[in-house]
Amino acid sequence: MKIFKRLLLTLCLILLVLILFIPLSIFVDSLLGRNRVEALTNTTITGINNTPDVRAYVTRPQGDGPFPTVIMIHEFYGVNERLISKADLLAEEGYLVIVPDTFRGSTTAWIPRAIYQVINTKQEDVNADLDSVYAWLESHPDVDINRVGIVGFCYGGRVSLLYSLHNPNMAATVIFYGSSETNPEILKNLSGPVLGIFGGADASIPLEEVTALENGLEQAEIPHQISIYEGQPHAFLVDADGIKAGGAQAEAWNEMLNFLEQNLKEKTNSKKSPNSFSYSPPFPWNYYAMLIFEHAFGSASHH
């Protein structure tokens, strides 16, 4: 009986330490990383409709514009060097690329704070900030506003799809392993084609959900291309160095390049009227719970 009580007390103490440690670690990380976004970005975009200004990293190709343009959305960590390396690599292919900070000044390498950032970010605020980004692109002489697409990774993959539902002027949408909307009645409001890239060993996004996305796009009659990379975990497309090294990262990257070539470089879309479709998605609790589990016990160490 004494052994049982000691074990129970030990477990309670461990739980208490975790309860105290995680909020404290989030607070400390926010203090230590106060200027990270400022250091990683090079542009301030004025917020429209009384919204805050948006910090962003902008990279452009050599030569004269206007260029086809890609809005690139970060993972749940926020803007970081890995994403910027991918933006620079994409710019080498002839695209102006803008990486907005959708967490309004917050970025981290600490998973508990990454989850905290997502929980405290409303999709309507993200859409409002991306509307500011789009308005900035409309006035930029190097941007071909009729050829603007959006690409996102993990959290950013979901954001990309949801923003394309919000803004009918997105000419193409690329989802890298993001939790997706699958209802065809909602997906039919997309105005451009969709590329979805997923890992076959991704525990946070079951293959059943990927199939549901593909079926939903099919029923909604939205042009689409869904690819599953067998044996790959969540967030397998890490950075420019990984892409240049070849393998699945290079294959997925080249698939995206081909998709963007066909739907941005080779097509000129007419600007749409404002979209009347309004959608407030539920928060994907199951997805982020599985994501935490995968980081803790799985193979997705590069998210």
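The values are calculated or read from the model by the stated rules, or taken from the named source; none is laboratory data. Since this is a predicted model, take the numbers as computed values, not measurements. Please note: Cβ atoms are built from the backbone with ideal geometry, for glycine as well, and neighbour counts cover all protein chains shown.
Kindly indicate whether TRP285 is closer than 21 Å to LEU89 by Cβ and out of contact with any strand residue (DSSP E or B) (no Cβ under 9 Å at 6 or more places or on another chain). Answer is no for this residue.
Looking at GLY157, GLY149, GLY192, GLY178, just one residue is in a loop (DSSP other than H, G, I, E, B), of a type outside the set (D, E, K, R) and under 16 Å from the mean Cα position of the chain (by Cα), and that residue is GLY178.
Here ASP202 meets each of (1) among the charged types (D, E, K, R); (2) in a helix (DSSP H, G or I); (3) out of contact with any strand residue (DSSP E or B) (no Cβ under 7 Å at 6 or more places or on another chain) with one exception, condition (2). If you go through the stretch 208-242 and pick out every residue that is of a type in the set (A, V, I, L, M) and within 19 Å of the chain's Cα centre (by Cα), you end up with 8.
Only a single criterion out of (1) touching a residue at least 24 places away in the same chain (Cβ under 8 Å); (2) surrounded by fewer than 20 Cβ atoms within 10 Å (Cβ to Cβ) is not satisfied by ASN254, namely (1). Residues in the stretch 212-241 that are surrounded by fewer than 23 Cβ atoms within 10 Å (Cβ to Cβ) and closer than 16 Å to TYR287 by Cβ were compared, and the one that is modelled with the highest pLDDT is ALA212. Of everything listed in (1) among the acidic types (Asp, Glu); (2) in contact with a Ser or Thr (Cβ under 7 Å, 6 or more places away or on another chain); (3) crowded, with 21+ Cβ neighbours inside 10 Å, the single unmet condition for ASP53 is (3). Of the residues making up the stretch 125-152, those that are charged (D, E, K, R) and over 15 Å from ASP53 (Cβ atoms) number 4. A single entry from ILE98, ILE48 fulfils the requirement of being of a type in the set (A, V, I, L, M, F, W, C), closer than 20 Å to ALA135 by Cβ, assigned by TED's automatic domain parsing to the domain that holds GLN117 and more than 18 Å from the chain's Cα centre (by Cα): ILE48. Checking every residue in the stretch 112-133 against the condition of being at pLDDT 95 or above and more than 17 Å from the chain's Cα centre (by Cα) gives at least one match.
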